[in-house]
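Worksheet for the structure shown next.
Please treat every number below as a calculation from the coordinates, not as lab data. As the structure is a computational prediction, the values presented were derived from the model and not from experiment. Heads up, the Cβs are rebuilt from the backbone with ideal geometry, glycines too, and the neighbour counts pull from every protein chain shown.
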Number of protein chains: 2
Amino acid sequence: MPPFNHSALLTDLYELTMAQGYFQCKKLEPATFSLFIRKYPPERGYFVAAGLEDVLDFLEGFSFGDQDIDYLRSTGIFAAEFLDFLRGLRFTGAVWAVPEGRLVFKDEPILEVSAPIIEAQLVETFIINQVNLQTMIATKASRCVHAAQGRAVIDFSLRRTQGIDAGMKAARASYLAGCSSTSNVLAGHRYGIPIVGTMAHSFISSFEREIDAFRSFAASFPTNCILLIDTYDTLAGARKAVTVAREMARRGHHLRGVRIDSGDLLALGREVRSILDESGLKDVKIVGSGGLDEYDLAALADGQAPYDSYGVGTKMGVSADAPWLDIAYKLVEHGGRSVMKTSTGKVSLPGAKQIFRYCRESRLRKDLLGLRGESYPGAEPLLQKAMDHGKRIAPSPSLEDLKTRFLAEYESLDEGVRSIRSPEEYPVDLSPGLRDLLEKTQGQVYQTELGES
Amino acid sequence: MPPFNHSALLTDLYELTMAQGYFQCKKLEPATFSLFIRKYPPERGYFVAAGLEDVLDFLEGFSFGDQDIDYLRSTGIFAAEFLDFLRGLRFTGAVWAVPEGRLVFKDEPILEVSAPIIEAQLVETFIINQVNLQTMIATKASRCVHAAQGRAVIDFSLRRTQGIDAGMKAARASYLAGCSSTSNVLAGHRYGIPIVGTMAHSFISSFEREIDAFRSFAASFPTNCILLIDTYDTLAGARKAVTVAREMARRGHHLRGVRIDSGDLLALGREVRSILDESGLKDVKIVGSGGLDEYDLAALADGQAPYDSYGVGTKMGVSADAPWLDIAYKLVEHGGRSVMKTSTGKVSLPGAKQIFRYCRESRLRKDLLGLRGESYPGAEPLLQKAMDHGKRIAPSPSLEDLKTRFLAEYESLDEGVRSIRSPEEYPVDLSPGLRDLLEKTQGQVYQTELGES
C-alpha cells in the first residue's frame, strides 16, 4: 500500500472533466474561489480555522506523475493534448487565508485561491477535505477544553478517528485548540505534541490478579505510573491502587495517578477521591475517560467532579454530534467578472473578499465581511496572503505559536458565543462594497439566466 | 509531508508503555485479542465487515525504523533494552478473520489476533481504526444502496470525508457494499473502481451565460455529457439542456443526462422529467444529488422519483447518523488462560472464538457464537485463518469478487433485518461451549478480584 497523501489524483473526476472543458475552449483566465462554511452545525456559534498548512504543502507539491497520466489515459475520457497539458501543470496561483487557530464565522472565507481557473478547480477536493476535517475537529476540541473548565483534556481519539489521516489531523487540530497532549505517538513525533499514555484493560487481564498487574507496572514506571482501576470493580481497584502506592512509597517512589474509564464518572470519581484521600494519597491524580464529550465534561465540571484531567477520544475525534461542515468552495470571480450561485439554499457571495475584525478593550466586537480591495481603519484584516506564484510567502508558524494565539483570541470572544449550548450569534455584517456587488451580480444573474427562457 | 500510512508509531502511547511492562516482566506468552462491535448504532441491525486487507498489509510491514526508535528514546519514557527489542520486532502472529463483505452482527468477532502479547497489543490501535472506519462505511453504503431500490448509487464523498485516508477507504468500502462507482479518481486508479463525474456549478458560472457553459461542455464530451442544471434555476436549466440536446442531435451526438443538486428533488425531478419527455428526450437520464442519505433515498423511491442514479456524498462518507462504532479489541486468552473484562457496560466474552452461520433455503437463519475449537455440522464457520507467522495465507481476493459475495449474502438476509428503520434483531446465540467458559471465567474473576479486597 504506497502512500497517497500527496497525489494530484486525490480529486473528484468532475474537476478533471471541467479542466478539459476549460482547456478546450481556452478558458485560462485567472479566477478566485472562496472557501466558506454556509451554516453553523447544531450548538456551534464559531469555528477555529485549521488545515492551511496541509493545503499549502499540497499546492507546493501539486503535479501529475507518469503513472497518473497513464491511468487517466486508460479511462478513455481525456484528449491527448489535455493529458500533455496536465503533465506539465503546477499550481502557480496565490492563496489568501485566515491563519490557523483564528476564529472564523459562517459565510466568512477561511481561504481564497486566485489562480488560472484550471489550477484553482483541480485542487478544490483536497482543499475542502482538509479544511473541513481540521476546522471541524479544532472547533469541537475547543468546546471540550472550554467545557472542562481548566482540567487538562488529552486527545485519545486515534483508534476511532475516521482513518489514519483523520487521526493525525485530530491530534494536531485538538492541540492547536487547547488540548494538552495526545495518545497518538506518531503525532507526537511528527508535530512535536506531548504524548501521554499508561495502560489498558488488556494489561490488567493479562495477569492472573489485578494487583499483580499494578505491581508490575509500578516496577516498570516508578516515576510515571497511572493505574487503570475499573477493569473489574472500580472501588476495589482503587483500594488495590492504595496498597501499591504504599509499596511504591516504601521504595521512595510515588504513584502518579489512577484512571477510571467506565461507569458513573461523577459518583465514582468522588468515591475514589475519598478512598485516596483517606489513605493519605491526596496528591495522587485521577484521570477520567470513556466516551466523553463536551456535554459530559460540562456536567462533570458542574458537579465539581474531582478529576485532574480527562482523556477524550471518539466523540471529539469524529466530532460526533456534527461530523461534517456545510463547507463550500465557490467561484466568486473569473476574468475580472464577479460571479455567484443562486441554487436553492446554496447562494454564494460574489467577489474576492476580506474579513475586517473589530476588537475593543480586548473583546471581539464584530466582523465586517467585505471585498479584498476595501480597507477599514480600526479593523484587523484577517485574510493574509500565504502563497504567491505557487510558493509559500513565509515559513510555517510553529504549532505552539498558533496555539498561543488561538487561546488569546478565544479568551476575547464573549462567553455567550462560546457557549456549548444555544450560543449567541456573533455579528458579521456585509460591507457596503460587498452589498453593492451582491446586488449588481444578482441583477445580472436574473437578467441573463432567469429571464431568457 | 512524508506519508504515514504504514508507521508502527501509529499507535497509542499506552500500547508501548504496556509493551515495556510486558517486556520487563518477561511476559511473552501467546495471547488472543478479539475485535467486535458491542452494540448496534441507531437504526442498524447488521454490519458489513471491511478493513481486513489494510490490516494484513499493516501487519506484514510492521516494524520500527531508526527514526522511530530515536524519537521513542527522546521521550525519556523507555528503557534502552526495550528499544533494542523494538528495533528487531516484527509481527509473527496469526489472524483469523471474517472475510471482507460478509455480514457480521454485534458481539461477533470480526477478526482475532493470536500472537505474542506484545505484538498483538502494539497493533491494536491501527486495527481498530481501520476496521471501525471501513465496516462503518460499508454498512452505511449498503443501507443507501438498499434504499435506492435499484437505482445506481455513486460515491461522491471524497471532499467531505474525514481526511484523505477516509476518502480512499470510503470509495472502496462503498463499492464493496454495492455502490456502482465513485468520483474519487485516485480510488479509481488504486482499487480499479469505475469513476464518474461531469461538472460543478463553478463551470457554469465561469461562463457569462449558463447555456454557453452547456454548449462548451457538450463540445468537449460529445458522448458523455451530463449537464448540471440547478446553478440558477432548475427548470430554466432543464429547458436550456433541451436546446443543447437538440443541437447535439443535429451533430449526431446524444445528451446523456442532466443533474439536479439542490431543492426539492422529488418535485424537481418530476418537472424536469416532464420537460425532457415532452421534448422527445425520454432517454436523457436524470442524476440526483445534494446532501442525500438512505432516508432521503427511501423517500424518493417511495415517491417514485424519476431519477436514474444518485450521487451520494457527505452523509454516506462520514456515516453521518452514526459516525463511529462501539468497537473493541479485547484480550480473551493469554498463556492458555481465558480472560474477560467486567467493567460497567463493557463486558467482554472470554476465549478464542468462531462464528457458526446457519443458512436454509438461501435464507440466513441464525448465528451461533462459539469457541474456535468447536464444530457444528450444518453451519458455516465464518472466521478464516488469513495470516500465519506474520504472512498472508492466500492472495488477496479481488474487490469485484468480494462485492459479488456481499450482494449474494445480503440478498439472503431477511428484509426485517435489512430495514433502514427499526430493524429486527438477527438471532445470535452463544454456543454451549462459550456459555460454559463464560460462566467459569466470570466465577474466577469474581473470586479473584471482587472478593479479595
Of all DSSP beta bridges with both partners in the protein assembly as shown, the antiparallel percent, nearest 5, is 65 percent
Of A:Lys106/A:Lys440; A:Lys330/A:Lys440; A:Lys140/B:Lys106; B:Lys282/B:Lys403; A:Lys240/B:Lys330, those spanning more than 26 Å from alpha-carbon to alpha-carbon: A:Lys140/B:Lys106; B:Lys282/B:Lys403
Please state the Cα pair-distance histogram of chain B with 20 angstrom bins from zero: what percent is in each bin? 23, 46, 24, 7, 0
Applied in sequence order to the range B:231-246, the curve 6.51 cos²θ - 1.76 cosθ + 1.60 (Karplus, θ = phi - 60°) yields integer Hz couplings, x standing for Gly and Pro, of 4, 10, 7, 4, 6, 4, x, 4, 5, 5, 4, 4, 4, 5, 4, 5
Which order do the peptides A:10-20, A:199-209, B:152-162 come out in when sorted by mean C-beta neighbours inside 10 angstrom, highest first? B:152-162, A:10-20, A:199-209
Amide H to amide H under 5 Å from A:Arg365: which residues, 5+ apart in sequence or cross-chain, H placed 1.01 Å off N in plane? A:Tyr358, A:Cys359, A:Arg360
Using only the Cα atoms of the range B:287-385, build the gyration tensor, take square roots of its eigenvalues as a ≥ b ≥ c, and label the shape rounded, prolate or oblate: rounded if a/c is under 1.5, else prolate if a/b is larger than b/c, else oblate. oblate
Provide Rg over Rh for the range B:198-289; use the alpha carbon set for both Rg and the Kirkwood Rh (inverse mean inverse pair distance). 0.92
Two decimals, Cα atoms only, Kirkwood Rh: what is Rg/Rh over the range B:121-206? 1.05
Taking each residue in B:125-133, count the Cβ atoms of any other chain within 10 Å of its Cβ, then average. What number comes out? 5
When the helices in chain B are scored as -39500 (n - 2.57) per DSSP H run of 4 or longer and the sum is shared across all residues, what 222 nm value do you end up with, to the nearest 500 deg cm²/dmol? -12000 deg cm²/dmol
Ranked by how many other beta carbons lie within 10 Å on average, peptides A:303-316, A:109-122 from highest: A:109-122, A:303-316
May I ask you to evaluate 6.51 cos²θ - 1.76 cosθ + 1.60, the Karplus curve with θ = phi - 60°, for each residue of the range A:268-282 and list the ³J(HN,Hα) values in order in whole Hz, giving x for glycine and proline? 5, x, 5, 5, 5, 4, 4, 4, 5, 4, 5, 9, x, 10, 5
What are the ³J(HN,Hα) values, in whole Hz, obtained from phi via the Karplus relation 6.51 cos²θ - 1.76 cosθ + 1.60 with θ = phi - 60°, for each residue of the range B:74-82 in sequence order, with x given for Gly and Pro? 5, 6, x, 8, 10, 7, 4, 5, 5
From other protein chains only, count the Cβ atoms within 10 Å of every residue's Cβ in A:187-196, then give the mean. 4
For A:Leu371, enumerate residues with amide H under 5 Å from its amide H, sequence gap 5+ or separate chain, H modeled in the peptide plane. A:Gln354, A:Leu434
Scan around B:Lys285 for amide H atoms under 5 Å from its own, H built in the peptide plane at 1.01 Å from N, and keep only partners 5 or more places away or cross-chain. B:Gly257, B:Val258
Using a 10 Å cut-off around each Cβ of peptide A:164-173, what is the average number of partner chain Cβ atoms that fall inside? 6
How much of the calculated P(r) for the protein assembly as shown lies past 43 Å, in percent of all Cα pairs? 34 percent
Looking at the square roots a ≥ b ≥ c of the eigenvalues of the Cα gyration tensor of the range A:142-317, which shape do they give, rounded for a/c under 1.5, prolate if a/b is larger than b/c, or oblate? prolate
Ranking B:Ala238, B:Ser289, B:Phe217 by how far each Cα lies towards the positive end of the charge dipole of the range B:198-289 (+1 on Lys and Arg Cβ, -1 on Asp and Glu Cβ), the top one is B:Phe217
What ranking do A:359-367, B:239-247 get when scored by the average of other Cβ atoms within 10 Å per residue, highest first? B:239-247, A:359-367
